[in-house]
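Below you'll find the structure I mean.
The values are calculated or read from the model by the stated rules, or taken from the named source; none is laboratory data. All figures in this text were calculated on a predicted structure; none of them were measured in a lab. So basically every Cβ, Gly included, is an ideal-geometry build from the backbone, and we count neighbours across all protein chains shown. Only protein heavy atoms, including side chains, enter the accessible area calculation; ligands, DNA and RNA are left aside. Shrake-Rupley method; radii C 1.70, N 1.55, O 1.52, S 1.80 Å.
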Amino acid sequence: MTIKGSVFHIIHGSFVDGYGIRTTVFLKGCPLKCIWCCNPEGQAFNQELKVIAADCNGCGNCVSACPHGAIQLEKEQDDIRLDVDRKLCTNCGKCIDVCYTNALSFFGKDYTVDELFNIIQKDAIFYRSSEGGVTIGGGEATWQPEFTLALIRKCKENYIHTAVDTCGYVTSADGRQALAEADLILFDLKGMDSQQHLKNTGAPNEIILENLKNLNDLGKEIIIRVPVIPGYTDSQQNLTATAAFLATLKSVARVDILPVHQFGKVKYSQIGMEYKLVDIQLIPQERQEQIKMLFESYGLNAQIGG
Ligand code: SF4
Ligand code: SF4
């Protein structure tokens, strides 16, 4: 049977997901549910209805097409209000077929490895000129393990550099093999205290730390990504424990400190999820520099952003 992967986004010309110019593909489905997630459309494994209410012209086609009565439309002069009851919606897509303004679409599209590789390959000239390549992220790429492994092998057969951006919660043999065969690992480390990690992400961190140690033992090149989220991961205790742990790993090439941002906010309303960081305070530059210096004081190569 042909393996297919569910992809919700492809970025061409990324400079932040590894070295050089990269094409980043985002696979659907993640075992974690981080409170600060900036790709909430990547959490569910299934396709999800995406609603851009601002593009709706109020024609009402979708209301008639929905077999489950999941869509409510209210019009008052120029004011159009479109709501989807996600408890009733089965993501059947019938409303998308009759929406001519593209206010409705899906997050998530299936590709075979060859189909996705053909898209990736079009950017090959940029990889060669910049020592870039392909980054597979998500969601959590290793939770589509066979697809991710096959895509990595296909890229490597064609001399394209591969990176995987992982949350580290990898439980399958093929998922671990995908990490072992990738050229570069971008590893998100979201907290050293397992109970706090569970509260913040929905999963404890033992498997994550174990996988990171194993990748280190394999000698993989690893870039660590540390999200700094006020009230969740930014305590001095957590950051110090993170730096002390990373200082024991020989394969960590760099630590990217990722201050909280709100770029993903708009996507929450598009899929009917609640955004929980509405009142979050952004981190002042001075504090960001202090955190960078903390990691450097442990002998680590740290940068802000990445
Ligand atoms: S995807 Fe299907 S069930 Fe969901 S709102 Fe559209 S027509 Fe209704
Ligand atoms: S079909 Fe599209 S444009 Fe028409 S009411 Fe539904 S979402 Fe709006």
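Of the residues in the stretch 75-105, how many are within 11 Å of ligand 2 (Cβ to nearest atom) and in contact (Cβ under 8 Å) with a residue 60 or more places away in the chain?
Going residue by residue through the stretch 75-105, those that are within 11 Å of ligand 2 (Cβ to nearest atom) are 75, 80-84, 94-105.
If we keep only those that are in contact (Cβ under 8 Å) with a residue 60 or more places away in the chain as well, we get 84.
Selection size over the stretch 75-105: 1.
Looking at (1) crowded, with 16+ Cβ neighbours inside 10 Å; (2) within 20 Å of residue 223 (Cα to Cα); (3) not small (Gly, Ala, Ser), find the lone condition where residue 131 falls short.
(1)
Right, another one. Report, by residue number, each residue of the stretch 51-74 that is more than 7 Å from ligand 2 (Cβ to nearest atom), farther than 16 Å from residue 269 by Cα and loosely packed, with under 14 Cβ neighbours inside 10 Å.
64, 67, 68, 69, 74
Looking at the stretch 222-231, can you tell me whether even one residue there is open to solvent by less than 30 Å² (accessible area, probe 1.4 Å) and among the charged types (D, E, K, R)?
Taking every residue of the stretch 222-231 in turn, at least one turns out to be open to solvent by less than 30 Å² (accessible area, probe 1.4 Å) and among the charged types (D, E, K, R).
Next question, about the same structure. Which condition number does residue 118 fail, the rest of (1) surrounded by 16 or more Cβ atoms within 10 Å (Cβ to Cβ); (2) in the same structural domain as residue 203 (by TED's automatic domain parsing); (3) assigned to a helix (DSSP H, G or I) being met?
Result: residue 118 fails condition (1) only.
Continuing with the same structure: Which ones in the stretch 175-210 are open to solvent by 60 Å² or more (accessible area, probe 1.4 Å) and farther than 16 Å from residue 32 by Cβ?
176, 177
Somewhere in the stretch 190-202, is a residue assigned to a helix (DSSP H, G or I) and among the acidic types (Asp, Glu)?
For the stretch 190-202, residues assigned to a helix (DSSP H, G or I) and among the acidic types (Asp, Glu): absent.
Among the candidates 173, 163, 203, 150, which residue alone is modelled with pLDDT of 95 or more, of a type in the set (Gly, Ala, Ser) and within 21 Å of residue 16 (Cα to Cα)?
The unique qualifying residue is 163.
Another question, if that's okay. Which one is surrounded by the fewest Cβ atoms within 10 Å (Cβ to Cβ) among residues in the stretch 232-248 that are hydrophobic (A, V, I, L, M, F, W, C) and not in a loop (DSSP other than H, G, I, E, B)? Full working, then the answer.
Let us first name the residues in the stretch 232-248 that are hydrophobic (A, V, I, L, M, F, W, C), namely 239, 241, 243-247.
Then drop every residue that is not not in a loop (DSSP other than H, G, I, E, B), which leaves 239, 241, 243-246.
Values: 239: 20, 241: 14, 243: 22, 244: 11, 245: 17, 246: 23.
If we take residues in the stretch 232-248 being hydrophobic (A, V, I, L, M, F, W, C) and not in a loop (DSSP other than H, G, I, E, B), then 244 is surrounded by the fewest Cβ atoms within 10 Å (Cβ to Cβ).
Going residue by residue through the stretch 143-160, is there one that turns out to be in a strand (DSSP E or B) and either surrounded by 21 or more Cβ atoms within 10 Å (Cβ to Cβ) or basic (Lys, Arg) (or both)?
The answer is no, given that none of the residues of the stretch 143-160 is in a strand (DSSP E or B) and either surrounded by 21 or more Cβ atoms within 10 Å (Cβ to Cβ) or basic (Lys, Arg) (or both).
Please identify the pairs in which a residue from the stretch 238-249 that is within 14 Å of residue 217 (Cα to Cα) has its Cβ atom under 7 Å from the Cβ atom of a residue that is modelled with pLDDT of 95 or more and part of a helix (DSSP H, G or I), counting only partners at least 6 apart or on another chain.
Pairs found: 249/216.
Just a yes or no: is a residue in the stretch 25-34 surrounded by fewer than 15 Cβ atoms within 10 Å (Cβ to Cβ), at pLDDT 95 or above, of a type outside the set (Ser, Thr, Tyr) and assigned by TED's automatic domain parsing to the domain that holds residue 256?
Yes.
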